[in-house]
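Beneath this line is the structure, given in C-alpha cells, with notes to follow.
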Amino acid sequence: MHAIFLLLALFAQKPIVEPSGVQNAASLIAQNPPSITPGMLLTLKGQNLAASTGVASSSPWPVSINGTSVTLNGNPASLLFVSPAQINLQVPSALRGAAAASVVVNTTTGTSDPIVVQVAPQSLGIFTQNSTGCGSGAVLNIHADGSADVNTPQNSFDPSRDLGLSLFLTGLGAFADRVDGLPWIYNPADNQSGPGGLVATVGVRAVQTSQGMSVQYAGPAPGAVGLDQVNAIPSRVLSLGEGCDRPLSLVDTKLNTRGSASQFVTVSIHRGGGVCVDPPVTRLGLITWQKNFVSDVGVSSSSDGLNIRFLEGNQLLFPVPGSPPAIGCCTPEVAPSAASCPAVLPLTLGAGTIMVAGITPDPVSLPPEARNVYQTAFPAGTVKGGNYQVNAAGGSIIGPFSAQAAIPPPIAITTGLSPGGALTFPKQITWTGGDDRSTINVIVKVTTPYFSGQFQQFTAASASAGSIDVGNLTFTAIGSPPIRVPNGKVEIIITQTSQPSGPTFTAPGLTLGGRQTWEYVWDFRGLWYSGV
C-alpha cells in the first residue's frame, strides 16, 4: 500500500506544460498553435517544472538548472530561469530549417508530455517595462546627439527634435552567428533593415491606419542573449500624433505568417518631450453592413451580417474600410493582436436597444452585447443593397438617433475562380455591377514550398471600372532584384468596400458623428498558381 502511495506521489510531480503555456517571452501571448523561431527567448508555464527556483549565473547559459532541462526536437535549450511554474529559455539554433518542434521538460521526477509548436521565420514580441507584455514598451528615445533614455509618460519622445525610437524585442529570426546561451557580438552583416520588410507602426488607439517608421537597424542586441533590437526613424512628413499611450507594433511587411507582427505596446509622444499630454476624448460611430463568401475544394459558404460600434478614445479617426494599410501589409489573421492588450483599444459605448429596418420584412432588434458591441447575422443573401435604417433608443452618453443609408448591391464576379483551377499572371479580375460608391480590392496570396510564409499582392480600383489588372507575381528580397514567385497554392480575396468619406449621420454624444459603411468579401481558395 505504501508503494502505491509513493508511486502516486511521484506521478503527481510529473512536469506539466499548460496548453497555452508556450509563450513569447516578451509579449507573453499564447498563440494557438504556438509559433517559435530559433534564437528567440521563450517562456514555458505550467506545473512541477522545477524542484526549486534557479537562475543562470554566467554565460553560456546552462542547459540544466536545479535538475530541470528542456529539449526541442531533442536539442537542449539554454536556460535563463526555472521555477515550479515557469521556465525562461532560448530556443536552440539547431531548429533552423525545421517546420515544427516538440517541446519536452525534464526534471528529476519525470518528463512532460510533448507540446508541438510551429517553427516560423519570426515570432515577434516587444518587451514591456512592467514585464506583462502590455503597457509601456521597452523603448528608448534616441536623441539627435546619439544619446538615449527610456520612453515613459514623464519622458516622452519629442517628434520635433528626437531622432527616433529603439525597440527591444525577441523573435526577429535566426542568425547564423548567434551562439546559444552566449551574448551576441555586434556584426553589421546581421542588420535586417532595408527597403520594405520590417516597419515600426504607430496607430491611434488601434483605429486609424498606422503610420510607418523607417527601420534603420534590425538585428540582435549587442551584448545580450536572445534579445533583439530595432531602431526606427519617423519620416518628418508623417504625423505620429501625441499622447501618453500611443499603440506601437512591429510588422514584417514581406511575411504573412503567424508571428510576423508583434503585439501592441504603448509609447509616449509629446512635442517638446517631457510629460505627455493626452488630447481631448472624441467619440465616433461605425455601422458596417457585411457579406462574406468562401469558396474552397469541396465546400463553400456565405454569410451576411451587421456590426455597430460606438467608440470613445483620444485622437480617433474614421478608419479606411477594406483598403490595405498604408504600410502595405497585414491581413486580419496576422495583424498585431490588439485584443491581447485592451488598454490600446478605444472604449465601446452603448446606445440602448437598436432597431434595424429595411433589411428584413420586420424590424430587427439589437440589444448591446459584451463590451457594448452590436452585431447580428442574417441569412445568406439578405444584404442585397437598398435603403436601410438604424434607430437607437440612446444610452447614458450616446443619445437617440436615426441613421439612414443607401447601400449598393454586391458586384457579380465574372472571372472563373472555381476551386481546383490553375491561374497564370498577369490576370484580369472582372465583374458586373458596381458604381463609384465602392472600392474593389484584390489580394493575391501564394503559398509555396520555397516560401516559409505567404506572398501577397494588393491592387485596387473603383467598382465602376468593371475590372482590375493583377500583374506578374514577384518577390523582392533585401539587396536582391525582384524574382518571380514559384508555383504554389493560390488564394484570391476580393473585397467591395465603401469609399472613404466623412460622417454620414449625427447623434447626441458622438463628437465626430458616425458613418455607415459596407464590406463585401469573396474568398476564393483551392486555386493553383502556375507562373514559372
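The values are calculated or read from the model by the stated rules, or taken from the named source; none is laboratory data. Since the structure is predicted, the reported quantities are computational estimates derived from the model, not experimental observations. Virtual Cβ from ideal backbone geometry, glycine too; neighbours counted across all protein chains shown. For accessibility, only protein heavy atoms count, side chains too; no ligands or nucleic acids. Shrake-Rupley method; radii C 1.70, N 1.55, O 1.52, S 1.80 Å.
Annotation: lysines with alpha-carbon distance below 27 angstrom to K291 (same-chain offsets under eight excluded): K384, K427, K445, K489.
Averaging Cα coordinates gives a centre for the range 36-81 and one for the range 154-170; these two points are 33 Å apart. When each of the peptides 499-511, 137-149 is scored by how many other beta carbons lie within 10 Å of its residues on average, the order from highest to lowest is 137-149, 499-511. Computed with a 1.4 Å probe on the full set of protein chains, the accessible area for E519 sits at about 60 Å². Exposure check, 1.4 Å probe, all protein chains in place: I115 carries approximately 40 Å² of accessible surface. Of the residues R178, R271, R484, the one with the largest accessible area comes first in the ranking R271, R484, R178, computed with a 1.4 Å probe on protein heavy atoms. The accessible area of S69, taken with all protein chains in place and a 1.4 Å probe, comes to roughly 30 Å².
Using C-alpha pairs under 8 Å with a sequence gap of at least 6, the mean separation divided by the residue count of the range 39-145 gives a relative contact order of 23 percent. Ordered by solvent-accessible area of protein heavy atoms (1.4 Å probe), largest first, the residues K427, K384 come out as K384, K427. Each other residue within a Cβ distance under 14 Å of V442 adds +1 if Lys or Arg and -1 if Asp or Glu, for a net charge of -1.
Put simply, the amide H of A221, placed in the peptide plane, has neighbours under 5 Å in L227, D228, Q229, leaving out anything fewer than 5 places away on its chain.
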